[in-house]
Amino acid sequence: MILLLATLLMAPIHAEARYKALSLVETGDNDKAVGKRGEVSRYQILPHVWKVYSSSSSYRNPAIAKTVARRIMTERELLF
């Protein structure tokens, strides 16, 4: 599963398709999803990680969630 997700995220696909794929894999686009470890939003981001990238706690807002996910992925891609 992790290898599939990494492949999807690193593939040269349109940016919107990348985040759509991540959302579908993580929660099936469910903005209300909460993971076993407390992950929030359709992208399943841990709240303490979310807070590094946003002062908002609107985990169920898909536009804000995408912005947070994009910031996280951009930084992680640069580190990779």
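The values are calculated or read from the model by the stated rules, or taken from the named source; none is laboratory data. Note that this is a predicted model, so its numbers are computed, not measured. Cβ: placed from backbone, ideal geometry, glycine included. Neighbour counts: every protein chain shown.
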Tell me, which residue of the stretch 32-80 that is charged (D, E, K, R) and touching a helix residue (DSSP H, G or I) at 6+ places or on another chain (Cβ under 6 Å) is surrounded by the fewest Cβ atoms within 10 Å (Cβ to Cβ)?
ARG71
Any residue that is modelled with pLDDT of 95 or more and over 12 Å from the mean Cα position of the chain (by Cα) - is there at least one of those in the stretch 64-72?
no
